[in-house]
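The block underneath contains the structure these notes are about, expressed in structure tokens.
No lab work stands behind these numbers, since they all come straight from the coordinates. This structure is a prediction, so every number in the text was calculated from the model and none was measured. A quick note on method: Cβ atoms are made from the backbone with ideal geometry, for glycine too, and the neighbour counts reach across all protein chains shown.
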Amino acid sequence: MNQLSVQHLLGIKHLNASDIELIFNTADHFKEVINRPIKKVPSLRDITIANLFFENSTRTKLSFELAEKRLSADVINFSASGSSVSKGETLIDTANNILSMKVDLIVMRHPHVGACDFLSKNVDARIVNAGDGTHEHPTQALLDSYSIREKLENVKGKNVVIVGDILHSRVALSNIYALQLQGANVKVCGPKSLIPTHIESLGVEVEPNLKKALEWCDVANMLRVQNERMAINYFPSTREYTQLFGVNKDLLDSLSKKIVIMHPGPINRGVEITSDVADADQSIILNQVENGVAVRMAVIYLLAQQIER
Amino acid sequence: MYFCIPNNVWELMSQKILLSAKEIDIILNRLACQLIENHTDFSETVLIGIQPRGTYLAERLRDILQNIYEINDIQLGQLDITFYRDDFRRREIPIEANKTTIDFIVENKNVVFIDDVLYSGRSIRAALTAIQSFGRPLEIELLVLIDRRFSRHLPIQPTYLGRQVDVINEEKVLVQWQEKDGIDAVYIQNN
């Protein structure tokens with residue numbers, strides 16, 4: 001297959017295993033491109049992309065923008081703060097106004113679950129979900145799996161534990177779908193109050209003990225505690241959270257094997273992981289960021305390929 | 001009574017051999033000598049095989065230069081032009097990218113592009129753009145095994161050529177290599 005089975009990237013849930021393989025194979029070529037003296041290809045020179053960010057973002061926004069520019073697309077950026085959204089404009093109106101300026105593809109982050117799905121049904125453009133509320137963050141999951149594939153050669157059969165705030169994490173859900181699609185085994189670990197009920201129905205096991213989870217896994221994906229999404233207290237104190245679910249160098253060294261540490265960022269140093277773990281040689285956090293550009297280039301390239309002239 | 005002939009037989013009948021293994025071998029040796037004539041010890045020259053099918057020809061020439069003419073340390077790269085093509089979003093079936101391997105600097109080097117068939121010239125146009133991402137070459141030459149005359153869309157001509165052929169647009173020139181297809185041969189196929 002050399003074409004995606006979908007027209008929009010709304011979530012990993014809509015992809016199949018060969019889509020992921022195609023994205024990764026294409027990303028391999030783009031990773032070579034972004035390491036050249038001139039890191040740009042002219043493929044998308046007649047495509048215009050709008051980045052609509054209705055929620056704060058640093059890494060994802062920069063990564064998407066760089067990916068688009070490396071493909072030679074024209075890029076316009078939009079942030080909800082300081083825009084007409086605060087004057088009461090609806091999402092469809094905002095998007096359609098932007099599309100009137102001849103935009104072909106929209107990359108959107110939105111605080112509400114399903115916003116990208118809704119937009120894809122109501123406007124005439126390809127949509128890439130850059131995170132919708134606590135639902136999915138497909139490109140993050142793709143770059144996470146791509147980084148595992150790069151470090152361990154294969155995702156299939158690997159044991160991956162996702163640690164932390166699973167309840168509020170779109171990264172966790174997208175990762176669970178992506179890893180399972182590629183044949184990895186997934187466990188989640190965190191305070192019971194931050195593990196969604198019925199998560200077992202996704203085929204993942206809950207391991208409440210961090211040490212046991214780390215002993216089992218090949219890769220630990222450490223998530224941030226999303227205080228901004230918490231209306232109530234889910235655990236007594238940050239100190240207690242760190243003691244039970246934070247990874248430090250002593251804990252890593254006490255394991256019988258060397259595991260890979262990942263983090264989607266931004267890191268709360270000293271909470272979910274300590275500084276020496278974040279900077280250790282078994283941490284691939286900065287590789288994830290580099291791979292993010294290549295993977296997003298692949299996703300945008302493959303979706304743009306389907307846009308009719 | 002050709003409507004009685006089964007499809008596959010018709011296909012075989014419509015395939016004409018243009019070059020045999022022996023003829024290809026003679027041509028490759030001649031091309032290698034022509035390269036030596038212009039580039040002597042290849043210290044300032046890099047060979048670039050155009051993906052996907054030009055890489056076999058490039059490797060063959062490198063082997064001849066190394067084994068027969070004892071020119072060692074030839075710099076050989078592979079260049080994929082997929083992202084530089086001018087028909088993105090214009091094809092029914094998208095083209096899949098191939099690997100680019102250029103582990104050296106092309107700045108101020110004499111670059112020789114190597115491809116199997118020169119047809120419209122559009123691939124070479126894309127390659128000329130693509131190579132700029134690796135620096136500014138001093139000079140670029142083009143070596144092809146088969147030059148399809150009178151079919152160019154762009155003003156591009158080969159510097160070194162194996163065989164010039166006149167084929168009509170419906171016909172396809174097919175180059176096969178021992179390492180990929182199990183045989184060295186060039187066919188003209190009637191589609």
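Couple of notes before you dig in:
- Chain A - percent relative contact order, Cα under 8 Å, separation 6 or more: 20 percent
- Computed from the alpha carbon positions, the gyration tensor of chain A leads to an equivalent ellipsoid with semi-axes of 32, 22, 17 Å, biggest first.
- Rounded to 0.05, the FRET efficiency of the A:Asp93 and B:Ile93 pair, given R0 = 35 Å and the Cβ-Cβ distance, is 0.40.
- Neighbourhood charge, 14 Å Cβ-Cβ cut-off, centred on B:Ile140 and excluding it, Lys, Arg +1 and Asp, Glu -1: -2
- Between helix A:170-181 and chain A: long-axis angle, C-alpha atoms, 0 to 90°, nearest 10: 90 degrees
- Fluctuation leader among A:Pro208, A:Pro266, A:Pro191 - chain A, Gaussian network, Cα springs under 10 angstrom: A:Pro266
- Cβ crowding within 10 Å averaged over residues, with B:164-170, B:27-33 ranked highest first: B:27-33, B:164-170
- Take each residue in B:126-137, count the other chain C-beta atoms within 10 Å of its C-beta, and the mean is 2.
- For the range A:103-169, the alpha carbon positions stretch 40, 27, 14 Å along the principal axes, listed from largest to smallest.
- One compactness figure for chain B is 1.09, namely its Cα radius of gyration divided by 2.2 N^0.38 Å.
- Subtracting the Cα-Cα distance of A:Ser18 and A:Glu200 from 0.36 nm times their residue separation leaves 63.0 nm of extension gain.
- For the range A:138-285, the extents of the C-alpha atoms along the principal axes are 40, 34, 26 Å, listed from largest to smallest.
- Taking every residue in B:96-102 and counting other chain Cβ atoms within 10 Å of its Cβ, the average works out to 4.
- Cβ neighbours within 10 Å from other chains - mean over A:140-149: 0
- Set of the range B:164-190 residues, backbone N closer than 20 Å to the point 7 Å along the Cα-Cβ line of B:Asp86: B:169
- Directionally averaged shadow of the range B:89-191, computed from the convex hull of its alpha-carbon atoms, nm²: 8.1 nm²
- Checked against a 21 Å cut-off, the cross-linked pairs A:Lys40/A:Lys61; B:Lys22/B:Lys109; A:Lys13/A:Lys39; B:Lys16/B:Lys172; A:Lys13/A:Lys151 give Cα-Cα distances beyond that limit for B:Lys22/B:Lys109; A:Lys13/A:Lys39; A:Lys13/A:Lys151.
- Computed over chain B: relative contact order in percent, which uses C-alpha pairs under 8 Å that are six or more apart: 23 percent
- Isotropically averaged projected area of the range A:111-220, using the convex hull of Cα atoms (one quarter of hull area), nm²: 7.4 nm²
- Calculated FRET efficiency for the pair A:Asn209/A:Arg239, C-beta based, R₀ 22 Å, to 0.05: 0.70
- In terms of the mean number of neighbouring beta-carbon atoms within 10 Å, the peptides B:88-94, A:141-147 order highest first as A:141-147, B:88-94.
- Here A:Lys192 and A:Glu32 are evaluated by their C-beta separation; at R0 = 35 Å the FRET efficiency comes out at 0.20.
- Span from the the range A:1-48 Cα centroid across to the the range B:70-102 one, whole angstrom: 16 Å
- Cα-based shape type of the range A:212-309, given that a ≥ b ≥ c are square roots of the gyration tensor eigenvalues and the cut on a/c is 1.5: oblate
- Highest-fluctuation residue, A:Leu255, A:Leu44, A:Leu214 considered, GNM on chain A with Cα pairs under 10 Å: A:Leu255
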